[in-house]
1. Please compute the length gained on full extension between Thr206 and Ala515, using 0.36 nm multiplied by the number of residues separating them and subtracting their Cα-Cα distance.
2. Can you tell me the FRET efficiency between Ala192 and Leu65 if r is taken as the Cβ-Cβ distance and R0 is 51 Å, rounded to the nearest 0.05?
3. Would you work out which of Pro477, Ser511, Thr497 lies farthest towards the positive end of the dipole of region 472-515? Charges go on Cβ: Lys and Arg +1, Asp and Glu -1.
4. What size of dipole, in debye to the nearest 20, comes out for region 170-230 about its Cα centre when the only charges are +1 on Lys and Arg C-beta atoms and -1 on Asp and Glu C-beta atoms?
5. Cross-link partners among lysines for Lys249, C-alpha distance below 30 Å, same-chain residues fewer than 8 apart left out?
6. Projected onto the charge dipole of region 218-322 (+1 at Lys/Arg Cβ, -1 at Asp/Glu Cβ, origin at the Cα centre), which of Ser245, Ile225, Ala256 gives the Cα projection farthest towards the positive end?
7. Put a dot 7 Å past each Cα toward the Cβ at Ser90 and Asn215; how far apart are the dots in nm?
8. Can you tell me how much longer the chain between Gln505 and Thr291 gets when fully stretched, taken as 0.36 nm per residue apart minus their C-alpha distance, in nm with one decimal?
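None of the figures in this text is laboratory data; all of them are computed from the coordinates on show. Everything numeric in this text was worked out from a predicted model, so none of it was measured. Cβ placement follows ideal geometry from the backbone for every residue including glycine, while neighbour counts extend to all protein chains displayed.
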Amino acid sequence: MKLALTIAALGLLMGSPSSNGPGEVTGISILPRPGSALIVIDVRGSVSVQDFMLSNPGRLVIDVLGAELRIVGGEYDGVNRAGVTSIRYSQFRPDVVRIVLELDEQKSYELEYVDEEIRITIGTDRSFQAWSSSQYNTEGLASAALSVGRIDDVRVVPPPVEVGRFLQDSQQPRITVTWDSASIATVMAGFARFSGKSIVLGSEVTGFVQAQISNQPWDVALKTILDAHELVATEEVPGILMVESQARKAERDSTAPLVTRLIPINFANAASIEATVAPILTSRGSSVAHTPSNTLIVIDVESRVAAAESLVAALDRPTPQVSIQAKLIFVNRTDIEDLGVQYDLGSPDAFFNRLVARPDPGTAEPVDTDGDGIDDAFFPTEVFARDETVVNLGGNSLAALANAGSALPATALELIFSTAIGNFDLTTFVSALQQVDLADLQAEPLVTTSDNTPASILVGERTPIRTIDVGAQGDLPVATITFEETGIKLEVTPHVTNSRQILLQIHAENSSIRAAPSDLGFTLQTQEATSQVLVRDGETAVIAGLTVTQVTLSKSGIPYLVDLPLIGRLFGFSTRREERRDLLILVTPHIIDDPGE
């Protein structure tokens, strides 16, 4: 139902107040217009207006200066009207009333202040029902607006009502009315005037109504009153409601002839529709889904068959298609830092040097140039007989001192330093390595699916895993092979809401298979996340946080000395390895109303 009215119209009936003194804000309305929506703020007295737009989220703020808040009525009902999702108002300061229009996105608008009304015009291509902060009877306000001529083209054009489907979340126009011992005929006549439908009463319909309805959809109010008096309304002919007792309706259904109707299903599945239609049929009726032709066969009385057709028409609608564009980014970064000092200090006669090759007296072949059987490397001058005791005057007080046995597996820088210190040789190596490995894997799959239908994307591989069961069949081992999906997997289930937003059920997973350290075979490493996000058409949802960082630090060297601050690295080796794996997923859904496009 579209209503073009304002609360200011009622104010004109009662007479305009004087503009002297502080101003007042008395009401807010949002009204449909061809190709636009009109938000009307009713004011009294002398005021001024300031407005500005905020972003993230979009909000239009109107400050009425020199005014007090005098709005009496209900809060905004939360319905999206031309992109306006909420209306809030308060006494921002003693002389400022602030009104905030929350929008689903930033919009262009026009604002004017004329005839004690602040009018904001917003463009829209969608129809909606009018809303007002007033709790007055809608029909009475429409009549008042017509009588003073403040609003052009005031019409009450209700949409068709599906008989038997009076829902509490009905979008039908709301009514506020009180009946004090009014006859049912009078009450039905009032509903007929308000709804624009013809209502025919059965001969057995009598009684009086005692009720008070406050701001309820008219079809819900009608259904409640009929239930209270054991009556039922049937729309056998479009636009005409027949009101009769439930007993009379059951009697007519039991004697009425059965008709057979073939209802073709275009977009939905006939089998799923059949389960929904079956409960509204009489005990004599039946329904069968013909799968090859996707047709629903309904057998029942005419009224129930008509109700089944209305139900099928409401359910058999093209399902929106959602195109999901995903971007999966997998980054693997490895940082390696190695630093160490190797050194060797040994005498010429006894040492264990592995840095610079020198003959080891314990392993080198003896050199005997004079044929006396004595190694000339140790005794170049023979001053004693062959059978005398050998004494090395140099001694073995210091044979070797170093960490020369330690070494880094791979280095990028090696510096060697060798010098003689008295009767000893000092050899030193400085080894250093810094290495960075970066792997960047990106995939941009695109998949299209129907509303409420899961879509799955796999970027990876299916790895065969063999398992052996020794005792499966006697003593003979049995080998079986299973395929495990590994890689980046994305599962998305979209749902298009009534406000043209998209609710995404997202499950993201990154997995890989590695050999187990024992005889278990393999281990499955997994990173996964499950979330639910609400985005607009064309907006990108970002899934991050699938990050794994592993830092390995190893240190070896001379005890105590390697732990010294600053100079500790002169007495050992340190290796630092950091592995970081990041998974970033970007999902952008687009609604496709016409798949042919």
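1. Gain on stretching Thr206 to Ala515: 102.9 nm.
2. Computed FRET efficiency for Ala192 and Leu65 comes out at 0.60.
3. Sorting the options by dipole projection puts first Thr497.
4. It works out to roughly 280 debye.
5. Counting by Cα, and skipping residues close in sequence, Lys249 has these lysines nearby: Lys197, Lys223.
6. Ala256
7. Label-label distance for Asn215 and Ser90, simple model: 2.0 nm.
8. 74.0 nm
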